[in-house]
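Below is one structure; the comments refer to it alone.
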Amino acid sequence: MRSHYCGQLNETLVDQDVTLCGWVHRRRDHGGVIFLDMRDREGVAQVVVDPDTADAFAEADRARSEYVLQIKGRVRPRPEGTTNANMPTGMIEVLAFEVNVLNTAATPPFQLDEHGKVGEETRLKYRYVDLRRPEMIDRLRLRSRITHSVRAYLEKNDFLDIETPILTRATPEGARDYLVPSRTHAGQFFALPQSPQLFKQLLMVSGFDRYYQIAKCFRDEDLRADRQPEFTQIDLEASFVEERDIMGLTEEMIRQLFADVLDVTLPDFPQMTYADAMRRFGSDKPDLRIPLELVDVDDLLGDVDFKVFSGPANDENGRVAALRVPQGARLTRKEIDEYTRFVGIYGAKGLAYIKVNDRSQGLEGLQSPIVKFMGSVVEQVLDRVGAEDGDIVFFGADNARVVSEAIGALRVKLGEDLDLYTQEWAPLWVIDFPMFEADGNGRLSALHHPFTAPSCSPEALKANPEQALSRAYDMVLNGTELGGGSIRIHDQAMQQTVFEVLGIHDDEAREKFGFLLDALQYGAPPHGGLAFGLDRLVMLMTGGRTIRDVIAFPKTQSAACMMTDAPGEVSPEQLKELNIRLRAKAAAAE
């Protein structure tokens, strides 16, 4: 039906006849001549319809915004003074000699040009219209280029694209499973995979050596800007590898991806231990574009009269950390109060600060409600953080986790608010994660997942699990975790030890993971892998605000689809087939 895309027309086609198909982006009537801006996925082309072509003019005259048209015409240069250097097709136009209305359209729910302002709720309800916007087309086009580049790289490196099951059984991976009732096995359920983790390990046991998949994954968890109930992973696994092999291969892949798609050369990828990341930045995914760092001052404040400081300083589970903000003394009291409320989101009870106006004047040159409680030790604190005139120093004092999270988040917010970024892209590897973390109920949980290999023997792990480190590694970019992976457990005795430490007893382990434990008996090779969050990666590379901006049909933050009104109720007949009986809504609401 067409010979060219609208956005692909240029001067090389002058005096050639073309056939275009697309949507009316804008219609203008100038002195009896109708101008149609025709749009398709490749861009916009200007079409001119003269009244001399009576039939074509009549069709163009009745066309309105978002009508679907077929245009036949001849490419010609735009008249002098009407060219548009900001448009790829801005030097030419199409003089139409035939216009066919292929379909009419209701008035769109919102404008599709750069002047249209519309809320996300409306955009998601009419997503099929929203996706026509050039901005959305560009994002999804770039997403396609990213997956193409990734596939080409992995296949060049001998990885095989292998699909793994979508219907599987529930496994503990840190979030709730989406369950699927079985009609043929009454009272039993499949689970949608949170990741292909176990299946890709079994592929290594099977001898496929190198696997990858652009995999759909599902997690029934509370949502944020970078989370969706269904999301996409770039998943890979390889045999006979160590950490440096997987990290080197995937780092090269990301470098090549940025070079191919964005023409960006990423800087070096430094390696940082988890302990250093938490100590210096309060986060296991630090944004290294921001030069601010947390500095521990516990040892200086143990004897001060100010209990807010001395209490945590003398508590083995406490922490007192300072954050120096160069030239931050210009912050107003209102702004400081706003930051105080911000850290409260993370459990902080307050936000102490010292404005450094003139250090040469001693305490008189400091502006703060807390210096009178600190005495001479205040100078030692300021020396340690390197405070200079015009700076402000914020303090966090509480449980170590609260301080790290609150002051770490404050560091990121200050970096954004004060535009402290020192570079456009800041990648790194975070390594040496703890194997386990306390779950708050006197038990340990796996920091990554229970199939991650520890850096010690089974005996050492069992003797001191809280101190054990894992062979895990995360790739971080601009404060976002792009991907996480590890060397896996390939020995049955080690896997059973990890289950034991996690309180998963033999019967439960056999019920949930018997197939894995059995497979580890049959010559499982050393193996490891990594999974990238494709949605997060595309969000970063396109400058999107949330991953909803780079998914064709995303869910809302309440895990609903506003376009299809899903989830929805099903008929009593369907429930009966599945052997499911619903509780009364009134009872369920109690």
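When you scan segment 283-299, do you find a residue that is over 30 Å from Glu416 (Cβ atoms) and surrounded by fewer than 19 Cβ atoms within 10 Å (Cβ to Cβ), even just one?
The answer is yes, given that some residue of segment 283-299 is over 30 Å from Glu416 (Cβ atoms) and surrounded by fewer than 19 Cβ atoms within 10 Å (Cβ to Cβ).
Any residue at all in segment 327-336 that's within 11 Å of Val403 (Cβ to Cβ) and surrounded by fewer than 19 Cβ atoms within 10 Å (Cβ to Cβ)?
no
Tell me which residues, restricted to segment 18-42, are closer than 16 Å to Arg78 by Cβ and acidic (Asp, Glu).
Across segment 18-42, the qualifying residue is only Asp37.
If the requirement is being at pLDDT below 95 and outside the structural domain of Ile137 (by TED's automatic domain parsing), which of these qualifies: Gly73, Gly119, Gly90, Gly22?
Gly119
Filter segment 308-352 for residues that are under 15 Å from Asn399 (Cβ atoms) and among the basic types (Lys, Arg); which is modelled with the lowest pLDDT?
That would be Lys349.
Of the residues that sit in segment 453-482 and are in a strand (DSSP E or B), in contact (Cβ under 8 Å) with a residue 40 or more places away in the chain and crowded, with 19+ Cβ neighbours inside 10 Å, which one is nearest to the chain's Cα centre (by Cα)?
Leu482
How many of the residues in segment 254-291 are among the small types (Gly, Ala, Ser) and under 21 Å from Ile234 (Cβ atoms)?
Result for segment 254-291: 1.
So, Tyr153, is that one closer than 15 Å to Thr564 by Cα, assigned to a helix (DSSP H, G or I) and either assigned by TED's automatic domain parsing to the domain that holds Lys555 or free of Cβ contacts under 8 Å to residues at least 60 places away in the same chain (or both) or not?
Considered against the rule, which asks whether it is closer than 15 Å to Thr564 by Cα, assigned to a helix (DSSP H, G or I) and either assigned by TED's automatic domain parsing to the domain that holds Lys555 or free of Cβ contacts under 8 Å to residues at least 60 places away in the same chain (or both), Tyr153 comes out as no.
Which of the residues spanning segment 359-370 are over 12 Å from Phe309 (Cβ atoms) and surrounded by 13 or more Cβ atoms within 10 Å (Cβ to Cβ)?
Arg359, Leu363, Gly365, Leu366, Gln367, Ser368
For segment 106-123, enumerate the residues that are touching a residue at least 60 places away in the same chain (Cβ under 8 Å) and either part of a loop (DSSP other than H, G, I, E, B) or over 37 Å from the mean Cα position of the chain (by Cα) (or both).
Those that are touching a residue at least 60 places away in the same chain (Cβ under 8 Å) and either part of a loop (DSSP other than H, G, I, E, B) or over 37 Å from the mean Cα position of the chain (by Cα) (or both): Leu112, Asp113.
Which of the residues spanning segment 563-584 are assigned to a loop (DSSP other than H, G, I, E, B), hydrophobic (A, V, I, L, M, F, W, C) and modelled with pLDDT under 95?
Scanning segment 563-584 gives Val570, Leu578, Ile580, Leu582, Ala584.
Kindly list the number of the only condition in (1) in contact with a strand residue (DSSP E or B) (Cβ under 6 Å, 6 or more places away or on another chain); (2) more than 20 Å from Gly7 (Cα to Cα); (3) among the hydrophobic types (A, V, I, L, M, F, W, C) that fails for Val49.
With respect to (1) in contact with a strand residue (DSSP E or B) (Cβ under 6 Å, 6 or more places away or on another chain); (2) more than 20 Å from Gly7 (Cα to Cα); (3) among the hydrophobic types (A, V, I, L, M, F, W, C), Val49 is out only on (2).
May I ask you to say which residue of Gly415, Gly442 is under 23 Å from Leu382 (Cβ atoms), out of contact with any strand residue (DSSP E or B) (no Cβ under 9 Å at 6 or more places or on another chain) and either at pLDDT 95 or above or not in a strand (DSSP E or B) (or both)?
Gly415
The values are calculated or read from the model by the stated rules, or taken from the named source; none is laboratory data. As the structure is a prediction and not an experimental result, all values here were calculated from the model. Methodologically, a virtual Cβ is constructed for each residue, glycine included, from the backbone with ideal geometry; neighbour enumeration extends over all protein chains shown.
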